[in-house]
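Report on the following structure.
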Amino acid sequence: RLGSTLPDFWGDKTFFGGGIVISNYVDTPEAINYELQLTISTAPVSGKNFAICYVATNEGAPSIEFSEGCGIIESLYVLPTAYTNDVVQNGNDFSPAMPENGYIRITATGIDESGAITGTSEHFLYDGRAAQGWKEWNISNLGEVKRVEFRMYEGTTEGGKRVDSKADYPTYPSYFAIDNIAIRK
């Protein structure tokens, strides 16, 4: 069984400090804003619900964790939320639209029962501004884990080299959806 606890980054264990929560909001509204943080505009991969991961800060990384023992997570599907996608494409009062050479990269870090890192995997939620839809992300290289922590980085590709932003906080909404987690028994 997998679960998640809201990080205590701000000392209040609320979603405002980041975390992973369950949602079933699927909509393609005309006006998208911060009130639709838990909404996707594409049907879930399986079933009617999915999880939303909010990376408020990489210092208090949200995670999924096995409630008992360890396991191997083969893969999961990821998708930008409707709010994230709208800001990336169009900008808003706080963020400009992402430049054509921009990217948002998610990392998954495996942690074993002793707290040691088992490995890291990365997935580009955006590589340029094109919306990608649900994409399968194979994280089996993390091996047997107790938990998996998620972090997000944004930046630009300059002269063929990726350059992560040095900003203290993300420019774009740092939300993504997770669905159809495959666990090796």
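Residues in region 117-169 that are over 22 Å from residue 95 (Cβ atoms) and among the hydroxyl-bearing types (Ser, Thr, Tyr): 118, 120, 121, 140.
Kindly establish whether residue 41 is over 19 Å from residue 125 (Cα atoms) and among the hydroxyl-bearing types (Ser, Thr, Tyr).
Values: over 19 Å from residue 125 (Cα atoms): no; among the hydroxyl-bearing types (Ser, Thr, Tyr): yes.
It is false that residue 41 is over 19 Å from residue 125 (Cα atoms) and among the hydroxyl-bearing types (Ser, Thr, Tyr).
Annotation: residue 131 fulfils all but one of (1) in contact with a strand residue (DSSP E or B) (Cβ under 6 Å, 6 or more places away or on another chain); (2) at pLDDT below 95; (3) surrounded by 14 or more Cβ atoms within 10 Å (Cβ to Cβ); the unmet one is (1).
Of the residues making up region 143-161, one or more are open to solvent by 50 Å² or more (accessible area, probe 1.4 Å), touching a residue at least 12 places away in the same chain (Cβ under 8 Å) and hydroxyl-bearing (Ser, Thr, Tyr). For region 78-89, the candidate set comprises residues that are open to solvent by 10 Å² or more (accessible area, probe 1.4 Å) and not in a strand (DSSP E or B); within that set, the residue that is nearest to residue 23 (Cα to Cα) is 83.
Could you please let me know if residue 109 is surrounded by fewer than 18 Cβ atoms within 10 Å (Cβ to Cβ), touching a strand residue (DSSP E or B) at 6+ places or on another chain (Cβ under 9 Å), of a type in the set (Val, Ile, Thr) and farther than 21 Å from residue 23 by Cβ? In short, no.
Candidates in region 56-77 are the residues that are of a type in the set (Ser, Thr, Tyr) and not in a strand (DSSP E or B); of these, the one that is nearest to residue 40 (Cα to Cα) is 57.
In region 1-55, the qualifying residues are those that are among the charged types (D, E, K, R) and either within 18 Å of residue 134 (Cα to Cα) or part of a strand (DSSP E or B) (or both), and the one that is modelled with the lowest pLDDT is 27. Among the residues of region 1-29, the one identified as within 17 Å of residue 78 (Cβ to Cβ), open to solvent by 70 Å² or more (accessible area, probe 1.4 Å) and touching a helix residue (DSSP H, G or I) at 6+ places or on another chain (Cβ under 8 Å) is 25.
When each of 126, 169 is tested for being in contact with a helix residue (DSSP H, G or I) (Cβ under 8 Å, 6 or more places away or on another chain) and of a type in the set (Phe, Trp, Tyr), the lone residue that passes is 126.
Return a yes/no flag: does region 51-74 have any residue that is of a type in the set (A, V, I, L, M), in contact (Cβ under 8 Å) with a residue 24 or more places away in the chain and farther than 26 Å from residue 154 by Cβ. The answer is yes; a qualifying residue exists.
Scanning region 35-46 for residues that are surrounded by fewer than 12 Cβ atoms within 10 Å (Cβ to Cβ) and touching a residue at least 24 places away in the same chain (Cβ under 8 Å) returns a single hit, 46.
The values are calculated or read from the model by the stated rules, or taken from the named source; none is laboratory data. Predicted model only: the values in this text are computed from it and were never measured. Ideal geometry is used to build each Cβ from the backbone, glycine not excepted, and the neighbour counts take in all protein chains shown. Heads up: the accessible areas ignore ligands, DNA and RNA and are worked out on the full protein's heavy atoms, side chains in. Shrake-Rupley method; radii C 1.70, N 1.55, O 1.52, S 1.80 Å.
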